[in-house]
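*Asks:* Okay, handing you the structure first.
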Amino acid sequence: MSIKKGQDVELKIESTAFKGKGVAKLNGQAVFVSNTAPGDLIEARIIKKKKRFLEAKLLKIVEPSPHRIKPRCIHANVCGGCTWQHLPYSHQLEQKEQHVKSHIERIAHLDSNITLPILSCDADFYYRNKMEYSFSTRLWLTDEEINSDEFVDDSGFAAGLHAPGRFDKILNLKECHLQDQISFKILDHVRNYCINNNIEAFDTFSKSGFIRHLMIRNAHHTDDLMVNIVTFIDDLDVINPLSEAILNEFPEVTTIVNNVNDLPNPTAIGRFEHIIYGPGTITDKIGQHLFKIDANAFFQTNTAQAEKLYSIAREFAELKPDDEIFDLYCGVGTLSLYLADAVKKVTGIELVDVAIDNARYNAKENGVENCDFVLGDMKDTFNDLFLEKHGFPDCIITDPPRAGMHPDVVQKLCEMDVPRLVYVSCNPSTMARDLKILNEFYTVDHVQPVDMFPQTYHIEAVSQLTRRGLS
């Protein structure tokens, strides 16, 4: 029987896959359905037809899975921040480990048995050290609001997180359980202040309004707390009273900055920045080192779990006192400094200039003298001239963004007789793609999944590689 778009069907969810969606089978085709759990019997409507798969929208849970639980957050089924609150954490871990094994087998064409048991997170809520909230003049309405007998206006002032797949509509949050609870309280306070003082939210279409984002960063090992107000307009006459109101209500705040992004792009990184209160940075600790973190610098979002991740990377690197290592995509130097005491020298490469500035500052402040940080685009910087200047490494650590390594970087690694590689990944599917190529020249010894983001489908992994043919 031919399946048509818009057709209602009954499905049995068998597993989870891409973006945490449930997977069912219909006439031999995979059907992906959000907000479902393995074991659910559901009614769903086909909304997309592709050659190799279908997508459906959940209409009704006919018979819930024995794994299904009640989410802690009222927004869990519609918010883009969490996707798996309806699954117990133990079951989330099982699914994530299986996803990594599947990537290793299907994409890298390697034996999935090289995948080690997943490392869990001690805190499955309130674990993030950074949240980026957005503001909009357009609200995302829930199914209940849309189907209610009363008219619900979707215009107004919304503060929260983007609805899944929508750049223009914001889910107006009433609670959030990902960061320390003060984070949502600050958001709620700023939202009410803006409404009461006629401060307009940014309108994506008209490119007008004032406030765009609110980024909150809290340190795990210190009491530092940053509020970063991202605006479309540079107006300290508006920002200064708002900052005073925040400080009066939340004396725990140690610094406030104002990033001004007056460009059409949706980023929370401003074209320029004002430090309104405090030093403009926070300080946190990983291992034995302290790190200064600017508003726009990358820092691992789950500090406690990052320490587990880095300990695995250090173990896989099998470091020796005379080793010289490269840290590709080094960010603010957290991993470089974490490894520095075990080796002769670490050389980090990073594209973002503020991150390199932070890395150099962090090395100086921690008294680490054997780290050198180089600013540059990896695909252009990591070449023969770089090797002539900085020497040949005994081990390379690479921690690329979600897109994985640039093909030129992968090719360069294939050409080099580096004894050991350690690949730290925030996206095991792109890691598996790169491992498939690297496997011709390196043995992939182990892959260690590490859960950094409970309640979501995201999973990190660390791979250990050894150069083939070296005695």
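What follows is calculated from the coordinates using simple rules that are stated; it is not laboratory data. Bear in mind the structure is a predicted one, so any value in this text is a computation, not a measurement. Cβ: placed from backbone, ideal geometry, glycine included. Neighbour counts: every protein chain shown.
*Asks:* Could you work out the per residue convex hull volume over the alpha carbons of the chain, in cubic angstrom?
*Replies:* Details: hull volume 75.5 nm³, N = 471.
About 160 Å³ per residue, rounded to a whole number.
*Asks:* Hey, another quick one. Evaluate 2.2 N^0.38 Å with N set to the residue count of the range 393-471, then give the Cα radius of gyration divided by it.
*Replies:* For the range 393-471, the normalised Cα radius of gyration is 1.08.
*Asks:* Shape of the range 329-471 from its Cα gyration tensor (a ≥ b ≥ c, root eigenvalues): rounded if a/c is under 1.5, otherwise prolate when a/b > b/c, or oblate?
*Replies:* On the way: a/c = 1.56, a/b = 1.15, b/c = 1.36.
Here the range 329-471 falls in the oblate category.
*Asks:* GLN411 to ASP445: FRET efficiency via 1/(1 + (r/R0)^6), r the Cβ-Cβ distance, R0 22 Å, to the nearest 0.05?
*Replies:* 0.50
*Asks:* Here's another thing I want to ask about it. Run the quick spin-label model on LYS12 and HIS221: label points 7 Å from Cα toward the beta carbon, then report their separation in nm to one decimal.
*Replies:* 5.1 nm
*Asks:* Using a cut-off of 16 Å between alpha-carbon atoms, which lysines can reach LYS185, once sequence neighbours fewer than 8 places away in the same chain are excluded?
*Replies:* Partners found: LYS130, LYS174.
*Asks:* Only bridges whose two residues both fall in the chain count here: according to DSSP, what percent of them are antiparallel, nearest 5?
*Replies:* Taking every DSSP beta bridge with both residues in the chain, the antiparallel ones total about 65 percent.
*Asks:* What ranking do 392-399, 41-48 get when scored by the average of other Cβ atoms within 10 Å per residue, highest first?
*Replies:* Descending mean neighbour count gives 392-399, 41-48.
*Asks:* If I model a spin label at ARG468 and LYS48 as a point 7 Å from the Cα along the Cα→Cβ vector, what separation in nanometres do I get?
*Replies:* In this crude label model, ARG468 to LYS48 measures out at 3.6 nm.
*Asks:* Stretched out fully, how many nm does the piece from ASP322 to TYR126 gain, at 0.36 nm a residue minus the Cα gap?
*Replies:* Net length gain for the segment: 66.5 nm.
*Asks:* When a/c reaches 1.5 or more, the comparison of a/b and b/c decides; with that in mind, is the range 315-406 rounded, prolate or oblate per its Cα gyration tensor? Intermediate results must be reported in sequence, preceding the final value.
*Replies:* On the way: a/c = 1.42, a/b = 1.13, b/c = 1.25.
Since a/c stays below 1.5, the shape of the range 315-406 is classed as rounded.
*Asks:* Fully extended, how many nm does the chain gain between LYS60 and LYS285 (0.36 nm per residue separation, minus their Cα-Cα distance)?
*Replies:* 76.4 nm is the gain from fully extending LYS60 to LYS285.
*Asks:* With no solvent and one point on each alpha carbon, what is the Debye value of log10 I(q)/I(0) for the range 262-327 at q = 0.12, 0.25 Å⁻¹?
*Replies:* Debye curve over Cα of the range 262-327, log10 I(q)/I(0) at q = 0.12, 0.25 Å⁻¹: -0.52, -1.17.
*Asks:* Which whole-number percent gives the relative contact order of the chain, counting Cα pairs below 8 Å spaced six or more residues apart?
*Replies:* Rounded, it is 12 percent for the chain.
*Asks:* Of the listed pairs LYS96/LYS285; LYS12/LYS60; LYS5/LYS169, which have alpha-carbon separations greater than 18 Å here?
*Replies:* Violating the 18 Å limit, Cα to Cα: LYS96/LYS285; LYS5/LYS169.
*Asks:* Next up: With the Cα gyration tensor of the range 43-133 giving a ≥ b ≥ c as the square roots of its eigenvalues, does the rule (a/c under 1.5 for rounded; else a/b larger than b/c for prolate; else oblate) give rounded, prolate or oblate?
*Replies:* Note, shape of the range 43-133 comes out oblate.
*Asks:* Further, regarding this structure: Determine one quarter of the surface area of the Cα convex hull of the range 15-82, which equals its mean projected area, and express it in nm² to one decimal.
*Replies:* 4.9 nm²
*Asks:* If you don't mind, there's one more thing I want to ask. Excluding same-chain residues fewer than 8 positions from LYS344, which lysines have a Cα within less than 17 Å of its Cα?
*Replies:* Result set, ordered by chain and number: LYS320, LYS364, LYS389.
*Asks:* Moving on. Starting from the exponent 0.38 and prefactor 2.2 Å, build the expected Rg for the range 290-335 from its residue count and divide its actual Cα Rg by it.
*Replies:* Compactness ratio reported: 1.29.
*Asks:* Per the Kirkwood definition applied to all pairs of different Cα atoms, how many angstroms is the hydrodynamic radius of the range 52-100? Before the final figure, lay out each step's value.
*Replies:* Working: mean 1/r = 0.0790 Å⁻¹.
So the Kirkwood estimate lands at 12.7 Å.
*Asks:* Further question on the same structure: Under a 5 Å amide H to amide H cut-off, with H placed in plane at 1.01 Å, what residues pair with ILE286 once short-range neighbours are removed?
*Replies:* Distant-sequence amide H within range of ILE286: PHE291.
*Asks:* Using alpha carbon centroids, what distance separates the range 255-330 and the range 74-95, in Å?
*Replies:* Here the answer is 27 Å between Cα centres.
*Asks:* Let me ask another. Given a Förster distance of 25 angstrom, what is the FRET efficiency for HIS109 paired with ASP380, based on the Cβ-Cβ distance and rounded to 0.05?
*Replies:* Numbers: r = 30 Å, r/R0 = 1.20.
Result of the calculation: an efficiency of 0.25.
*Asks:* Then there is this: Could you compute how fast the range 242-356 diffuses translationally, taking Rh as the Kirkwood radius over C-alpha pairs and applying Stokes-Einstein at 20 °C with viscosity 1.002 mPa s? Give it in µm² per second.
*Replies:* Numbers: Rh = 16.3 Å.
The Stokes-Einstein estimate is 131 µm²/s.
*Asks:* Follow-up. Simple spin-label model, 7 Å along Cα-to-Cβ: LYS5 to GLU175 in nm?
*Replies:* 3.8 nm
*Asks:* Give me a comma-separated list of calculated 3J(HN,Hα) values for the range 9-23, in order, Karplus coefficients 6.51, -1.76, 1.60 applied at θ = phi - 60°, integers in Hz, x for any Gly or Pro.
*Replies:* Coupling constants for the range 9-23: 9, 9, 10, 10, 6, 9, 7, 10, 8, 3, 6, x, 6, x, 10 Hz.
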